[in-house]
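For reference, the structure discussed in these notes is given below.
The values are calculated or read from the model by the stated rules, or taken from the named source; none is laboratory data. Keep in mind that this is a model prediction, so the values were computed, not measured. Here the Cβ is made from the backbone with ideal geometry for all residues, glycine too, and neighbour counts use every protein chain on show. With ligands, DNA and RNA removed, areas are computed over all heavy atoms of the protein, side chains included. Shrake-Rupley method; radii C 1.70, N 1.55, O 1.52, S 1.80 Å.
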Amino acid sequence: MGDNKRWRAADFAAVGWVALHLYTSVLAFMHSLYQTYTSWTWVLLAVWLLGLLALDVWLAAGRPGLLRFVKWYWAFSAALATGVILAAELDLIRDVNGFLVFGVLCSFLTPLNQLLAFTWLLFQWLADLPGMVRYSGGCGAALFVCLLHFLYFTWLHHRARQRGATNHGPVDPGAGTVE
């Protein structure tokens, strides 16, 4: 009966960020089809990016189990970005098929669509690059961000395990010894 867990404000913020992530991912994907990003889209993407940075800072003090999950989430995101780059370079997707549908559905779970939108804007305004170069460069930049996050959370996970924390919280080496 003592397992009553209360939700803290940070827990609600994390759930809110996940909902915002899914919404902005679908929105960015739909707008990326014709490169018709609106001002509202950019505002939501900026809020999403600030939320991502705040979540990164908040997770810096996380437990090893949570950090391990986040680490593998970013590894999955990097693998998906690599798959998109390979599929585009090898011209594997010419029409709608199961592989494409699965990839698009997985992309909604990862930050790929949001990062592609940001890099599209960056490459258009700074360099005025043509569309395919912007897409390839955007996929490479998204892969770079995902790999940086993966390395960051790998380091945080290693640091949390070295602190002596377990999945259930920190361990006191002297606790439980009675003489």
Query - Candidate set: segment 42-61, residues that are under 20 Å from residue 141 (Cα atoms) and not aliphatic (A, V, I, L, M); chosen: the one least open to solvent (accessible area, probe 1.4 Å) - result: 48
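Does any residue of segment 136-154 turn out to be modelled with pLDDT of 75 or more and within 23 Å of residue 40 (Cβ to Cβ)?
Looking for residues that are modelled with pLDDT of 75 or more and within 23 Å of residue 40 (Cβ to Cβ), one finds at least one in segment 136-154, hence yes.
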Report task. Consider residue 28 carefully, then state whether it is out of contact with any Cys (no Cβ under 8 Å at 6 or more places or on another chain), surrounded by 16 or more Cβ atoms within 10 Å (Cβ to Cβ), of a type outside the set (Lys, Arg) and at pLDDT 85 or above. Result -> yes
Query raised in the report: Are there any pairs, at least 6 apart or on different chains, whose C-beta atoms fall under 7 Å, with the first in segment 69-96 and within 28 Å of residue 56 (Cβ to Cβ) and at pLDDT 85 or above and the second part of a helix (DSSP H, G or I) and of a type in the set (S, T, N, Q), and if so, which?
Result: 71/154; 80/107
Report summary line: Residue hits (segment 62-91; open to solvent by less than 60 Å² (accessible area, probe 1.4 Å) and part of a loop (DSSP other than H, G, I, E, B)) are 62
Requested in this report: Name every residue in segment 36-53 that is touching a residue at least 24 places away in the same chain (Cβ under 8 Å), of a type outside the set (S, T, N, Q) and either more than 19 Å from residue 121 (Cα to Cα) or in a helix (DSSP H, G or I) (or both), in order of residue number.
Outcome: 42, 44, 45, 47, 48, 49, 51, 52
Query raised in the report: When only residues in segment 92-111 that are part of a loop (DSSP other than H, G, I, E, B) and either open to solvent by less than 30 Å² (accessible area, probe 1.4 Å) or touching a Lys or Arg at 6+ places or on another chain (Cβ under 7 Å) (or both) count, which is farthest from residue 24 (Cα to Cα)?
Result: 110
Query raised in the report: Just one of 114, 124 is assigned to a helix (DSSP H, G or I), among the polar types (S, T, N, Q) and either at pLDDT below 80 or touching a Lys or Arg at 6+ places or on another chain (Cβ under 9 Å) (or both); which is it?
Result: 124
